[in-house]
Amino acid sequence: MKGPTKFFIGIDVSKPYFDVSLMTVLSHVKQGVETARFENTNPGIKVFDKWLKAHGVTMDGNSLVVIENTGIYHRQIWSFCSRKHLPIHIGNAAHIKWSFGIARGKNDKIDSIRLCNYAFKESDTLTATMPLNPILLHLKDFISARTKLLKQITSLRVSIKELGNVNEKAHQKIIERSLKSAIDGIVKSIRNIEQEIKKIIEENNAFKNNYKLLISIPGIGHVTAVYLIGCTATFAGSPTGKQLACYAGVAPFEHSSGISIKGKTRVHRMANKELKRLLHLGALSAIQYNQEIKNYYNRKRDEGKHGMAVLNAVRNKIVLRVAAVIKNQTAFKNNYKIAA
């Protein structure tokens, strides 16, 4: 029986251009792979569109584009696929790389061919990424800008403090006076960015609703709530607590093999480090100010558990609560009662 024609497209994206590999499967038989390079610009996207049409690529479920998440450089292609209703899977670069096994040789063209083959082999399990949401991208850009500015102001303040330990007072005052305008400017920029973030949250019902649910959880403050909305695309795909914990790097996994390796459970190093940092701060706050979490932490420490292991358990507990309130669309209720 003659099957539908399917198209599998692998795209390796860089800042100036992107390499494309196209595999056509005709009546369940793979055809030769076509390759091309296009500029990563609006005119380049138009040429890419004409190239796809020339090869008969259909903009429907019979086609699949696979690219790696490159931060910002893949946005043009993502936007194009969203407008054309062309299914696209934006995958984790490390996960895709490991799926290749032992790979010899590397350049942009080879990488696009490997992505094309990956799309063909994994098409039954890959899910299409949500269409690009410009408002979500604006939120993520502001979050990223705020994070960078906070790092800059922290770096300046630490530098000033360290210089104060070795400089003469007169010279130190000149240093502090010289950098004051820079610090004040960064503080003002952070304040302006925060206003824009609050405006986006307030004007988008989905963001606003999830934000209110998140800040109801002990250990989740404004910054962490906004970051969670941004990094999960306001929880697109409804991630489970386990999936969210893995993404944040707080889910412990067994580390053993036979009789020679008997390591302790450990979290994986491949995680969203910024989210993990925010959860760490949230856990510290919850331990200090939330009686339930405080009692839990002290009880586990009294049982002889390592402090960091218990702290990670608190982070994991917070993440599971995040997944629960989002799934149920119900604010967190603290039913904990202190024994008399």
Worksheet item: Using a 1.4 angstrom probe with every protein chain in place, what is the largest-first accessible-area order of Cys116, Cys246?
Response: Cys246, Cys116
Worksheet entry | Nearest-ten-degree value, helix 42-54 long axis tilted from longest Cα axis of the chain | 40 degrees
Worksheet item: By how many degrees, 0 to 90 and rounded to 10, does the Cα axis of helix 273-289 deviate from the longest principal axis of the chain?
Response: 30 degrees
Item to complete: Note down the accessible area of Glu68, probe 1.4 Å, to the nearest 10 Å².
Response: 50 Å²
Worksheet entry | Lys208, Lys173, reordered so the largest accessible area comes first (probe 1.4 Å) | Lys173, Lys208
Discussion item. For Val29, what accessible surface area do you get with a 1.4 Å probe? Give it in Å², rounded to 10.
Written reply: 80 Å²
Worksheet item: Which three extents, in whole angstrom, do the alpha-carbon atoms of segment 20-148 cover along their principal axes, largest first?
Response: 50, 35, 27
Worksheet item: Check Tyr17: other-chain or 5+ apart residues with amide H under 5 Å from its amide H, H built from backbone geometry?
Response: Asn40
Item to complete: Add +1 for every Lys or Arg and -1 for every Asp or Glu among the other residues with Cβ under 13 Å from the Cβ of Ile135, and state the total.
Response: -1
Worksheet, complete the sentence: Heavy-atom accessible area with a 1.4 angstrom probe orders His74, His28, His222, most exposed first, as His28, His222, His74
Worksheet item: To two decimal places, what compactness ratio does the chain give when its Cα radius of gyration is scaled by 2.2 N^0.38 Å?
Response: 1.22
Practice prompt. Sort segment 1-96 into rounded, prolate or oblate with this rule: let a ≥ b ≥ c be the square roots of the eigenvalues of the Cα gyration tensor; rounded if a/c is under 1.5, and if a/c is not under 1.5, prolate when a/b is larger than b/c, oblate otherwise.
Written response: prolate
Practice prompt. Skip the ligands, DNA and RNA, and give the accessible area per residue of segment 120-200 with a 1.4 Å probe, whole Å².
Written response: 71 Å²
Item to complete: Compute the acute angle (0 to 90°) between the alpha-carbon long axis of helix 134-164 and the principal axis of greatest extent of the alpha-carbon atoms of the chain; round to the nearest 10°.
Response: 40 degrees
Item to complete: Quantify, in whole percent, the carbon and sulfur part of the accessible surface of the chain (1.4 Å probe; protein heavy atoms only).
Response: 54 percent
Worksheet, complete the sentence: Probe 1.4 Å, all chains present, heavy atoms only: Ser178 accessible area in Å², nearest 10, is 80 Å²
Item to complete: Give the long-range amide H neighbours of His89: residues separated by 5 or more places, or on another chain, with amide H under 5 Å away, using H modelled in the peptide plane at 1.01 Å from N.
Response: Val65, Val66, Ile67, Thr129
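The values are calculated or read from the model by the stated rules, or taken from the named source; none is laboratory data. Here the structure is a predicted model, which is why all the values come from computation and not from measurement. Neighbour counts are summed over all protein chains in view; Cβ atoms, including those assigned to glycine, are modelled from backbone coordinates with ideal geometry. All accessible areas refer to the heavy atoms of the entire protein, side chains included, with ligands and DNA or RNA removed. Shrake-Rupley method; radii C 1.70, N 1.55, O 1.52, S 1.80 Å.
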